[in-house]
1. Evaluate the range 221-242: report whether one residue or more is touching an Asp or Glu at 6+ places or on another chain (Cβ under 7 Å) and within 13 Å of I267 (Cα to Cα).
2. Hey, can you tell me all the residues within the range 10-42 that are outside any loop (DSSP other than H, G, I, E, B), farther than 16 Å from D231 by Cβ and either touching a residue at least 40 places away in the same chain (Cβ under 8 Å) or within 15 Å of the ligand (Cβ to nearest atom) (or both)?
3. Considering A194, A232, which residue is under 20 Å from A246 (Cβ atoms) and in contact (Cβ under 8 Å) with a residue 12 or more places away in the chain?
4. Condition first: closer than 23 Å to A145 by Cβ, within 15 Å of the ligand (Cβ to nearest atom) and part of a helix (DSSP H, G or I). Now tell me which residues in the range 65-91 satisfy that.
5. Kindly establish whether I138 is within 23 Å of F57 (Cβ to Cβ) and either more than 16 Å from the ligand (Cβ to nearest atom) or surrounded by fewer than 18 Cβ atoms within 10 Å (Cβ to Cβ) (or both).
6. Quick one: A212 ticks every box in (1) out of contact with any strand residue (DSSP E or B) (no Cβ under 6 Å at 6 or more places or on another chain); (2) of a type in the set (A, V, I, L, M); (3) more than 20 Å from W17 (Cα to Cα) except a single one, so which number is it?
7. Would you point out the residue of the range 164-184, among those that are more than 20 Å from the chain's Cα centre (by Cα) and closer than 12 Å to N211 by Cβ, that is surrounded by the most Cβ atoms within 10 Å (Cβ to Cβ)?
8. Name the residues in the range 109-134 that are among the small types (G, A, S), within 18 Å of the chain's Cα centre (by Cα) and either buried (at least 24 other Cβ atoms within 10 Å of the Cβ) or away from the ligand (no atom under 16 Å from the Cβ) (or both), would you?
Amino acid sequence: MSATRSTLLLSVDFEDWHQLVRRRVGAAGWENPGPALERQTDALLALFDELGARATFFVLGMAARAHPHLMDRIVRRGHEIGCHGDAHLPVHTQTPGEFSADLRAARSTIEELTGQTPVGYRAPAFSITQSSNWAFEILANEGFAYDSSQHDSPALRDRVAPNETSPHLMDAGLWEFPIAVWRIGQGRLPVGGASYWQILPTPILLTGLQNAGSLAGLYLHPNELDPQPLDAGLPPTASSAQRAHAKLREVQRNGARRRAPRVLRAIARRFELIPYGEAHARLDGSA
Ligand SMILES: [Zn+2]
């Protein structure tokens with residue numbers, strides 16, 4: 001059966017949920033390393049080992065600097081290192097110069113901590129929009145070989161919606177690897193992200209992935225594998241408005257967290273899961 005299994009691309013947007021949620025609510029000391037990324041990373045690595053799957057970790061520069069020892073752990077397990085930018089700011093809110101600077105900051109952190117130069121990129125929250133699609137040319141000029149920022153999800157405004165559901169070479173000279181989306185007529189059902197897995201029955205999700213196009217992409221976040229409930233753990237100085245905002249984020253993220261491992265196991269029984277770099281090598285003829 002395995003010879004005829006369809007293949008999906010497995011990835012992690014490697015970021016520290018505590019840094020991001022604390023920054024979002026404006027908490028003091030938000031940039032300090034969060035208390036949970038280490039156990040989340042270990043849970044992810046253990047699950048991937050159990051499944052015999054390697055993934056691409058799109059690493060956020062500021063998370064890597066806060067947790068330098070985790071980079072080695074990921075590399076030693078044979079996973080690919082990609083780039084998720086440095087500060088997790090939407091691309092469409094940046095100028096081309098700011099975007100280049102963010103890319104370079106992330107890359108130099110990643111090179112320093114892993115000894116590897118990432119050739120794959122994923123924008124924070126899929127934020128390369130139609131009005132900021134100049135970013136593809138910058139990525140190509142900066143030496144990136146592929147991008148995985150196009151997600152044809154109705155939740156993303158002004159998104160760049162690829163005509164093709166499969167990987168393709170863009171005019172900028174960069175390969176694009178779209179996220180898995182099930183197209184039903186004019187409808188779009190996002191099936192590639194663990195944040196959607198919490199609301200879809202598994203059989204429907206598996207059917208959707210089967211119809212999402214060859215080499216479609218899956219993405220997880222470390223917090224979705226946390227064995228413990230997420231708690232923003234705001235400092236005592238936080239206001240009640242900040243606490244309410246953080247609570248909302250906790251509830252949203254904890255919903256996805258509960259189902260992700262079970263759903264990924266079901267996906268792995270049905271599909272071959274490989275990292276992006278391996279798919280790129282196959283397509284680019286360098287395998
Ligand atoms: Zn992200």
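1. No, that holds for no residue.
2. Selection gives L10, S11, V12, D13, F14, R23, T41.
3. Unique residue meeting the criteria: A232.
4. V91
5. Details: within 23 Å of F57 (Cβ to Cβ): yes; either more than 16 Å from the ligand (Cβ to nearest atom) or surrounded by fewer than 18 Cβ atoms within 10 Å (Cβ to Cβ) (or both): yes.
Here the answer is yes, as I138 does meet what is asked.
6. For A212, the failing item is (1).
7. R183
8. Answer for the range 109-134, where residues must be among the small types (G, A, S), within 18 Å of the chain's Cα centre (by Cα) and either buried (at least 24 other Cβ atoms within 10 Å of the Cβ) or away from the ligand (no atom under 16 Å from the Cβ) (or both): G120, A123.
All of the numbers you see were taken from the coordinates with simple rules; none came from a lab. Owing to the predicted nature of the structure, the values given are computational and were not obtained by experimental measurement. Ideal geometry is used to build each Cβ from the backbone, glycine not excepted, and the neighbour counts take in all protein chains shown.
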